[in-house]
Amino acid sequence: MESMTIGKIARFAEVGVETVRFYEREGLIAVPPRRESGYRQYPVETVSRIRFIKHAKELGFTLKEIKDLLSLQIDSEATCEDVRTRAECKIAAIESKIRTLRRMKAALKELTKACDGRSPVIECPILMALDLEE
């Protein structure tokens with residue numbers, strides 16, 4: 001079986017060496033045993049695994065969710081529906097965040113409309129609104 005050093009794994013997966021180590025600590029990739037030289041030799045498949053993690057992160061999955069997806073890959077009873085369900089849950093979470101961000105944007109727009117930009121900072125309606133107790 002072909003193997004690679006941590007530096008090569010990191011280079012091919014386009015991550016830093018510390019990222020590889022972090023994924024090891026988080027249980028996302030296996031920690032290979034040390035060779036007589038003292039260096040760890042990773043299986044080539046580790047590059048694909050790290051790329052999978054990167055792509056999943058880009059889609060908004062947390063490391064816990066990614067670990068769950070990875071475990072589905074080796075679960076002989078898991079189905080594509082199991083993966084789809086997790087993706088649909090992620091879509092719902094993203095839509096919720098979008099709604100929250102839109103509300104935040106609207107509130108900030110209203111605050112900026114109230115500010116003429118010429119008042120002393122002590123009279124700034126934005127700061128005054130942020131200082132209000134509810």
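The values are calculated or read from the model by the stated rules, or taken from the named source; none is laboratory data. Since we're looking at a predicted model, the values are computed, not measured. Heads up, the Cβs are rebuilt from the backbone with ideal geometry, glycines too, and the neighbour counts pull from every protein chain shown. Side chains are part of the model used for accessible areas, which takes the heavy atoms of the whole protein and leaves out ligands, DNA and RNA. Shrake-Rupley method; radii C 1.70, N 1.55, O 1.52, S 1.80 Å.
Name the residue farthest towards the positive end of the dipole of the chain from the options 117, 50, 96, assuming +1 on Cβ of Lys and Arg, -1 on Cβ of Asp and Glu, about the Cα centre.
It is 50, whose Cα lies furthest towards the positive end.
Mean-square fluctuation check for the chain, GNM, Cα pairs under 10 Å: which of 109, 64, 90 is largest?
109
Take the Cβ-Cβ distance between residue 72 and residue 51 as r, set R0 to 30 Å, and report the resulting FRET efficiency rounded to the nearest 0.05.
So, using R0 = 30 Å, E works out to roughly 0.95.
Using a 1.4 Å probe, what is the accessible area per residue for the chain, in Å²?
For the chain, the solvent-accessible area averages 77 Å² per residue.
When the accessible area of region 1-42 is split by element with a 1.4 Å probe, what percent falls to carbon and sulfur?
50 percent
As a test of the formula, what do you get for the chain when each DSSP H run with n ≥ 4 contributes -39,500 (n - 2.57) and the sum is divided by the residue count, at 222 nm and rounded to the nearest 500 deg cm²/dmol?
-20500 deg cm²/dmol
State which entries of 64/113; 54/105; 8/57; 54/113; 57/105; 64/105 exceed 31 angstrom in Cα-Cα distance in the structure shown.
64/113; 54/113
Which residue, 122, 29, 94, has the most motion in a Gaussian network model of the chain that connects Cα atoms within less than 10 Å?
Sorting by GNM fluctuation, first place goes to 122.
Kindly point out which whole DSSP H helices in the chain project their C-alpha atoms 27 angstrom or further along the helix axis while averaging a Kyte-Doolittle hydropathy of -1.0 or above.
Span-like helices here: 80-114.
Semi-axes of the chain's equivalent ellipsoid from the Cα gyration tensor, sqrt of 5 times each eigenvalue, largest first, rounded to whole Å?
Each semi-axis is √(5λ); the values are 46, 22, 11 Å.
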